[in-house]
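These notes concern the structure reproduced below.
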Amino acid sequence: MCLAVPGRVLSVEGGDPAFRTGNVDFCGVRKTVNLAFTPEVEPGDFVLVHVGFAISRVDQEEAARTYGYLKQIGALEDEGLAPKDGQGDTP
Amino acid sequence: MKYVDEYRDPQIALAIAEQISHRVTRPWVLMEVCGGQTHTLMRYGIDELLPKEIELVHGPGCPVCVTPLEMVDRAIRIASLPDVIFTSYGDMLRVPGSQSDLFQASANGADVRIVYSPMEAIKIARANPGRRIVFFGVGFETTAPANAMAVWQAKREGLRNFSMIVAHVLVPPAMRLILQSPTNRVQGFIGPGHVCTVMGFQEYEELTKEFRVPIVVGGFEPLDLLEAIAMLVAQLEEGRAEIENQYSRSVNYEGNLTAQRILREVFEVSDRKWRGIGSIEDSGYRLRDEYAAYDAERVFGLEDLNAEEPKECISALVLQGLKKPVDCPAFGTRCTPMRPLGAPMVSTEGACAAYYQYRRHA
């Protein structure tokens with residue numbers, strides 16, 4: 001029930017903050033999303049959408065930081081793991 | 001970045017699991033609160049990737065599962081009235097009431113329609129002025145602002161033929177109940193990322209201090225959950241009990257203040273009965289008196305209808321992390337998704353359904 005899906009805002013319509021909607025792209029599927037809870041959202045932003053409402057703007061800096069950190073763990077452990085499974089990095 | 005695929009990289013997943021293995025020195029029991037997280041853990045086999053010291057137990061975060069029996073009975077009663085169009089998220093339709101479910105009511109002639117958003121119910125109300133449109137407002141704090149918005153909108157437009165069964169529940173009181181139980185085994189929580197997106201995590205910080213238990217607010221993708229588990233293990237091994245936020249791309253300390261404003265405008269906190277668990281103080285929402293005309297239970301006069309739980313179903317223990325679905329003698333035999341005894345076998349977020357779907361029969 002708490003499932004929320006990230007999508008990219010293509011365009012924003014409506015001036016009244018309570019009725020602002022956006023055309024949001026979910027990997028090719030486009031839907032109209034209510035932006036009443038995310039007045040700061042602009043075209044190009046990613047939003048998390050739940051039951052037709054954007055509940056947050058994805059913080060792209062935080063996302064990049066977290067993912068960078070995760071990748072780093074992956075890279076570090078790869079080196080550590082390589083001898084164990086006998087498969088080093090392929091050139 | 002699409003904020004999905006990046007968080008499903010199997011190589012990084014293995015690396016984080018390896019890191020957890022290096023770190024862990026003794027057994028720890030962790031609970032993911034949210035049913036959506038339970039499904040990710042089962043679907044990707046994350047529990048099997050973890051060292052044997054880490055035991056995951058599954059929390060009460062499935063709103064469909066904790067909606068009490070009489071609420072389903074009330075919904076069926078209302079849906080069966082000839083002038084009613086009953087609208088609901090699809091999840092609720094096959095949840096058993098004491099005798100029947102909404103799907104059966106629909107087969108018997110009730111006009112039951114699945115909607116994706118409460119705003120669709122509002123549209124149906126506008127288009128059908130001669131019918132009464134009732135929406136089944138189920139959900140945790142994630143869903144509550146959307147449902148509040150529908151009621152607010154109905155009032156603002158003067159829509160007289162719309163009302164809502166409000167069955168909203170809140171996560172922190174349920175966590176408190178688990179932590180207060182003398183039989184509690186949970187030593188750390190993965191916090192519900194989307195609930196916290198709306199509400200922030202101040203309430204969870206209070207829980208960490210009151211019960212000296214670490215909580216890491218976590219996302220819903222495999223790497224989110226693995227990182228949250230790694231952060232919990234680090235805290236536990238170091239003897240810390242703090243609030244930390246793994247899901248920072250969506251969650252901040254304050255949460256979504258605009259959504260919280262509409263919640264306060266439309267709802268007030270009230271005691272709520274949880275299926276199988278009983279009444280928990282201040283654990284849900286009801287409509288404020290100013291919005292009484294939109295409260296389906298008051299409109300249809302069904303507030304006193306009560307029902308008994310089936311005895312064989314152990315869902316109350318599953319929802320509190322005291323039992324696993326496979327501990328139930330009915331699991332996979334007398335209780336399956338096609339013929340469920342209890343709601344956790346029905347919902348896409350129920351722990352029993354997750355175990356069944358991802359073949360954890362043994």
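None of the figures in this text is laboratory data; all of them are computed from the coordinates on show. Quick caveat, the model's predicted, so the values are computed rather than measured. Neighbour counts are summed over all protein chains in view; Cβ atoms, including those assigned to glycine, are modelled from backbone coordinates with ideal geometry.
If you filter the stretch B:101-168 for chymotrypsin sites (Phe, Trp or Tyr not before Pro), then keep DSSP loop positions with at most 13 other Cβ within 10 Å, what is left?
Hits after loop and neighbour filter: B:116.
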Legend entry - Entries in B:155/B:273; B:52/B:323; B:209/B:273; B:123/B:155; B:123/B:273 that, when Cα-Cα distance is taken, lie over 22 Å: B:155/B:273; B:209/B:273; B:123/B:273
Inset, instruction - Subtract the Cα-Cα distance of residue B:289 and residue B:185 from 0.36 nm times their separation in residues, and report this length gain in nm to one decimal. - result: 33.4 nm
Inset, instruction - Step through the residues of the stretch B:323-339 one at a time and calculate ³J(HN,Hα) from phi using the Karplus curve (6.51 cos²θ - 1.76 cosθ + 1.60, θ = phi - 60°), rounding each to whole Hz and writing x for Gly and Pro. - result: 9, 9, x, 6, 6, 8, x, 8, 4, x, 10, 7, 10, 9, x, 6, 10
Legend entry - Inter-label distance, nm, simple model (7 Å from Cα along the C-beta direction), residue B:52/residue B:210: 3.7 nm
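Roughly how many debye, to the nearest 20, is the charge dipole of the protein assembly as shown about its Cα centre, given +1 on each Lys and Arg Cβ, -1 on each Asp and Glu Cβ, and no other charges? Walk me through the intermediate numbers first.
On the way: 46 positive and 60 negative charges, 281 e Å.
Value, rounded to 20: 1340 debye.
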Inset, instruction - Check the cysteines of chain B one by one and keep only those with no other cysteine Cβ under 4.7 Å from their own. - result: B:34, B:196, B:313, B:328, B:335, B:352
Legend entry - Amide H partners (placed H, <5 Å) of residue B:164, local residues excluded: B:135, B:295, B:296
Legend entry - Where N is the number of residues in chain B, Cα Rg divided by 2.2 N^0.38 Å: 0.99
Inset, instruction - Kindly state, to the nearest 0.05, the FRET efficiency for residue B:270 paired with residue A:42, given R0 = 35 Å and r defined as their beta-carbon distance. - result: 0.40
Inset, instruction - Just name one of B:315, B:330, B:294: the one whose Cα is farthest towards the positive end of the charge dipole of the stretch B:278-342 (beta-carbon charges, Lys/Arg +1, Asp/Glu -1). - result: B:330
Inset, instruction - Read phi for every residue in the stretch B:340-350 and hand back ³J(HN,Hα) as whole Hz from Karplus 6.51 cos²θ - 1.76 cosθ + 1.60, θ = phi - 60°, with x for Gly and Pro. - result: x, 8, x, 4, x, 8, 9, 5, 5, 10, x
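Report the antiparallel proportion of the DSSP beta bridges in the protein assembly as shown as a percent, rounded to a multiple of 5.
45 percent
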Inset, instruction - Arrange the peptides B:69-79, A:52-62, B:325-335 so that the one whose residues have, on average, the most other Cβ atoms within 10 Å appears first. - result: B:69-79, A:52-62, B:325-335
Legend entry - Inter-site label distance for residue B:22 and residue B:248 at 7 Å from Cα along Cβ, in nm: 2.1 nm
Legend entry - ³J(HN,Hα) computed for each position of the stretch B:208-225 - Karplus, 6.51 cos²θ - 1.76 cosθ + 1.60, integer Hz, glycine/proline x: 4, 6, 5, 10, 6, 10, x, 10, 10, 5, x, x, 10, 8, x, 5, 4, 5
Legend entry - Dipole magnitude of the stretch A:5-83, debye to nearest 20 (Cβ charges: Lys/Arg +1, Asp/Glu -1, about Cα centre): 320 debye
Inset, instruction - Towards the positive end of the charge dipole of the stretch B:31-117, with charges on Cβ (+1 Lys, Arg; -1 Asp, Glu), say which of B:82, B:42, B:67 has the farthest Cα. - result: B:82
Inset, instruction - Starting with the fewest neighbours, write out B:261, B:131, B:275 ranked by other beta-carbon atoms found within 10 Å of each beta-carbon. - result: B:261, B:131, B:275
Inset, instruction - Kindly provide the helix-only [θ] at 222 nm of chain B, computed as the sum of -39,500 (n - 2.57) over DSSP H runs of four or more divided by all residues, to the nearest 500 deg cm²/dmol? - result: -11000 deg cm²/dmol
Inset, instruction - From other protein chains only, count the Cβ atoms within 10 Å of every residue's Cβ in B:248-254, then give the mean. - result: 6
Legend entry - Amide H within-cut-off set for residue B:33, under 5 Å, with H built and near neighbours excluded: B:190
Legend entry - Cα-based Kirkwood hydrodynamic radius, the stretch A:5-83, one decimal, Å: 14.0 Å
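Where nothing but the Cβ of Lys and Arg (+1) and of Asp and Glu (-1) is charged, how large is the charge dipole of the stretch B:16-67 around its Cα centre, in debye to the nearest 20? Please list the in-between numbers first.
Details: 4 positive and 6 negative charges, 12 e Å.
So the magnitude is around 60 debye.
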Inset, instruction - Give me a single rounded figure for A:2-11: the average over its residues of other chain Cβ atoms within 10 Å of their Cβ. - result: 6
Inset, instruction - Kindly express, to the nearest 10 degrees and within the range 0 to 90, the angle between helix B:171-180's C-alpha long axis and the longest C-alpha principal axis of chain B. - result: 50 degrees
Legend entry - Average projection area in nm² (convex hull over Cα atoms of the protein assembly as shown, one quarter of hull surface): 22.4 nm²
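What ranking of B:279, B:21, B:117, B:163 emerges when the number of other C-beta atoms within 10 Å of each C-beta is taken as an exposure proxy, fewest first?
Placing the least packed residue first, the sequence is B:279, B:21, B:117, B:163.
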Inset, instruction - Enumerate the amide H contacts of residue B:98 below 5 Å, restricted to partners 5 or more residues apart or on another chain; note that Pro and chain-start residues carry no placed amide H. - result: B:73
